[in-house]
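Worksheet for the structure shown next.
The values are calculated or read from the model by the stated rules, or taken from the named source; none is laboratory data. A quick note: this is a predicted structure, and the numbers were derived from the prediction, not measured. Neighbour counts are summed over all protein chains in view; Cβ atoms, including those assigned to glycine, are modelled from backbone coordinates with ideal geometry. For accessibility, only protein heavy atoms count, side chains too; no ligands or nucleic acids. Shrake-Rupley method; radii C 1.70, N 1.55, O 1.52, S 1.80 Å.
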Amino acid sequence: MEHSGEIAEGSEAEGPDETSSEGALVPVPHSAASPVGIDAETAREFAPYFNRSKKSAGPTPQSKVKRQVLERVGGWSARYDEWKLRAGARLEGLDLAPDLAENIGSRRWFRGLGTMVALGAVALAFWPSLTPLEARAAMPEGEEIRDEFRSQMIMPLAFGADSGRRMGPTADVIPLASAPERPQIQLVATLAPGDSFASMLRRAGVSASDIGNVSSLVGEAMPLSEIEPGTKIDITLGRRAATESARPLDALKFRARFDLELEIARQGMNPETGQGGTLSLARNFIRVDDTPLRVRGRVGSSLYRSMRAAGVPASAVQDYLRTVDDQIDMDREVRASDEFDVIIAYRRAATGERQAGQLLYAGIDRGGEPKTQLMRWGKDGRFFEASGVGEQRRGLVAPVPGPISSRYGMRRHPILGYRRMHAGMDFRARHGTPIVAVTDGRVSSAGRAGGCGIAVRLDHGSGLSTRYCHMSRMSVRRGQSVRRGQVIGYVGSTGLSTGPHLHYEMYRNGRHINPASVDFVTRAVLSGSELVDFQERLLTLRRIEPGAALEDLVPLPSEVGEPEREIEKIDLAQRVS
């Protein structure tokens, strides 16, 4: 047993492992591990004895601790599995996650919806914050450092950079006590909508005394209220006597009208000091030609595109289409082979500016002969046919863009509850929908009208009139003239009404008639000297050559300025010769 103890102790130290006859691995002692050397063959002989002795020996302290740890961990695992099974069975009985696509609206469905909302709330509660992380700047910050970088960087001036105009000062720079002022400042001021002429000059830096003088001088030439918004005014401010005082006005120039340019300059000023002198006004009248612009062309597949391609302004094209559409049915009566004929007011200035005005003539020719001729005439700007008749042949327009909900005739009143005559038509429309006049007329009454609520009545002449009821508000007054399609009020539900709609009535000689049975037009006829003047004006317009107004005006000798460069003088001499 002593030898066996030595061998067993040597086996724990070191040496190669060998396989015993019983299949167990036994360590083979090394000769250097023990004072007594044992060869491999002897070790194999004693290996079975060693194994049996180790089995019969009691457990070591290390093996006891290991066994206890394994037993404890195994108990926890069993208890966890048992708890998991119990919790699963209990939760399965609660049925917290049912299929929300089944039994919608039931108690089980609402329980599943609550589970989903709760899980969503938990997810949102643990949602990470998107607040930017704070980090230390890559370089030191400070006004001095920022100015130093700004003075040496290169950036476009459009982005607010000042590169190339000034640099950051160094220690060698000596600041001046006072910088010299520019002798003159030239700027352009624009008259804004709703702004006054004096306020515009005050913001430009003109002194109060000069503002008064300029306003009086300009007022002699034209009313200040007639200066259109957007007019650009060139202003030149001179040298001021002291740094605390405002700069004096040296010159002012602007285009007051298309045919007039006003220029104000200071006369008698001391050239050395730039002080003194008085302001004087000069009127520069500009020669203007008022020949209307006539454009003709083929209708083609699209009348609008053909007219725009021919150079007609968009506003004139819209007026043309609206005017012709009131006279004829353009979808049926206008062919692609027809020719459009349009004449608009046009002005040409000797300085090169051009200004297009309103539509004067709208016509359609077929086979070289005029089929439709309409010309603007009178103070109201109404279009008349070549015969002197102003007529709209397309009948009435719908007062509101909505379907008819109740027609003319006997019916049971929705509020009063008994049958009575419904003397009009009801149009279904939303609250606030604009209501338009079905044709030209004059407002005979406007205001509250009992069960009709807020109502407007129009007189169209020849004993015909219309009334529009249940408005939320009106946009016309009594005695006012209205045109076909003009807004006269807005849909509401005032008076005896169950909801927003329009009650539309029509009268003939003061008696109710069915609005659906009337298709009338407005008509105006010229006669006498007015008809003669109308036809003469029509002949004058039709004699205008197409495109003649597009040519530049030939400058008069007084309008040709002296060239400043010699090369321009040579070119001018060649053109004159």
Original post:
Among the residues of region 449-461, how many are modelled with pLDDT of 90 or more and either surrounded by fewer than 16 Cβ atoms within 10 Å (Cβ to Cβ) or over 14 Å from Tyr504 (Cα atoms) (or both)?
Top reply: 1
**OP:** Have a look at Gly277, Gly352 and point out the one that is open to solvent by less than 60 Å² (accessible area, probe 1.4 Å), more than 39 Å from the chain's Cα centre (by Cα), under 30 Å from Ala251 (Cα atoms) and modelled with pLDDT under 90.
**Re:** Gly277
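Kindly evaluate Gly300 against the criterion of being part of a loop (DSSP other than H, G, I, E, B), open to solvent by less than 40 Å² (accessible area, probe 1.4 Å) and at pLDDT below 90.
no
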Original post:
Does region 24-33 contain at least one residue that is of a type in the set (A, V, I, L, M), modelled with pLDDT of 70 or more and part of a helix (DSSP H, G or I)?
Top reply: no
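Could you list, in sequence order, all residues of region 372-384 that are closer than 23 Å to Tyr304 by Cβ and crowded, with 16+ Cβ neighbours inside 10 Å? Quick ask: steps written out before the conclusion?
Taking region 372-384 and keeping what is closer than 23 Å to Tyr304 by Cβ, we get 372-376, 381, 383.
If the condition is that a residue be closer than 23 Å to Tyr304 by Cβ and crowded, with 16+ Cβ neighbours inside 10 Å, then Thr372, Gln373, Leu374, Met375, Arg376, Phe383 are the ones that fit.
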Subject >> Scope region 462-498; condition without any contact (Cβ under 8 Å) to a residue 40 or more places away in the chain and either open to solvent by less than 50 Å² (accessible area, probe 1.4 Å) or part of a strand (DSSP E or B) (or both); matching residues >> reply: His470, Met471, Arg473, Met474, Val476, Gly479, Gln480
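Return the residues of region 448-461 that are among the hydrophobic types (A, V, I, L, M, F, W, C), within 15 Å of Thr494 (Cα to Cα) and in a strand (DSSP E or B); say none if nothing qualifies. Explain how you work it out, then say what you get.
If we filter region 448-461 for residues that are among the hydrophobic types (A, V, I, L, M, F, W, C), which is where we start, we get 449, 452, 454-456, 458.
From what's left, within 15 Å of Thr494 (Cα to Cα): 449, 452, 454-456.
Selection gives Ile454, Ala455, Val456.
Report, by residue number, each residue of region 218-232 that is part of a helix (DSSP H, G or I), open to solvent by 30 Å² or more (accessible area, probe 1.4 Å) and closer than 16 Å to Arg255 by Cβ. Steps first, answer last, please.
Within region 218-232, the subset part of a helix (DSSP H, G or I) is 218-221, 224-226.
Adding the requirement that they be open to solvent by 30 Å² or more (accessible area, probe 1.4 Å) leaves 219-220, 224-226.
Matches in region 218-232: Leu224, Glu226.
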Original post:
Identify, please: which residue in region 172-182 is more than 16 Å from Ser245 (Cβ to Cβ) and among the small types (Gly, Ala, Ser) and is, among those, surrounded by the most Cβ atoms within 10 Å (Cβ to Cβ)?
Top reply: Ala179
Original post:
Only one residue in Glu102, Glu41, Glu12 is open to solvent by 90 Å² or more (accessible area, probe 1.4 Å), within 30 Å of Gly114 (Cβ to Cβ) and either at pLDDT 70 or above or in a helix (DSSP H, G or I) (or both), so which one is that?
Top reply: Glu102
Subject >> region 183-205, residues that are touching a strand residue (DSSP E or B) at 6+ places or on another chain (Cβ under 9 Å) and either β-branched (Val, Ile, Thr) or exposed (fewer than 14 other Cβ atoms within 10 Å of the Cβ) (or both) >> reply: Gln184, Ile185, Gln186, Leu187, Val188, Thr190, Arg203
**OP:** Inspect all residues belonging to region 152-168 and state whether any of them is charged (D, E, K, R) and at pLDDT 70 or above.
**Re:** no
Subject >> Pair list, Cβ < 7 Å and 6+ apart or interchain, from region 299-316 residues that are among the aromatic types (Phe, Trp, Tyr) to residues that are open to solvent by 40 Å² or more (accessible area, probe 1.4 Å) >> reply: Tyr304/Leu321
Original post:
Restricting attention to region 261-274, which residues are at pLDDT below 90, of a type outside the set (Ser, Thr, Tyr) and either touching a Phe, Trp or Tyr at 6+ places or on another chain (Cβ under 6 Å) or open to solvent by 50 Å² or more (accessible area, probe 1.4 Å) (or both)?
Top reply: Gln267, Gly268, Met269, Asn270, Pro271, Glu272
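Given the options Ile364, Ile343, name the one that is crowded, with 17+ Cβ neighbours inside 10 Å, among the β-branched types (Val, Ile, Thr) and within 23 Å of Leu553 (Cβ to Cβ). If you could, list the steps in order and put the result at the bottom.
On the way: Ile364 fails: within 23 Å of Leu553 (Cβ to Cβ).
On inspection, the qualifying residue turns out to be Ile343.
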Subject >> Any chance Gly432 is closer than 23 Å to Arg483 by Cβ, surrounded by fewer than 20 Cβ atoms within 10 Å (Cβ to Cβ), modelled with pLDDT of 90 or more and among the small types (Gly, Ala, Ser) >> reply: yes
Original post:
Which condition number does Asp195 fail, the rest of (1) farther than 11 Å from Leu252 by Cβ; (2) assigned to a strand (DSSP E or B) being met?
Top reply: (2)
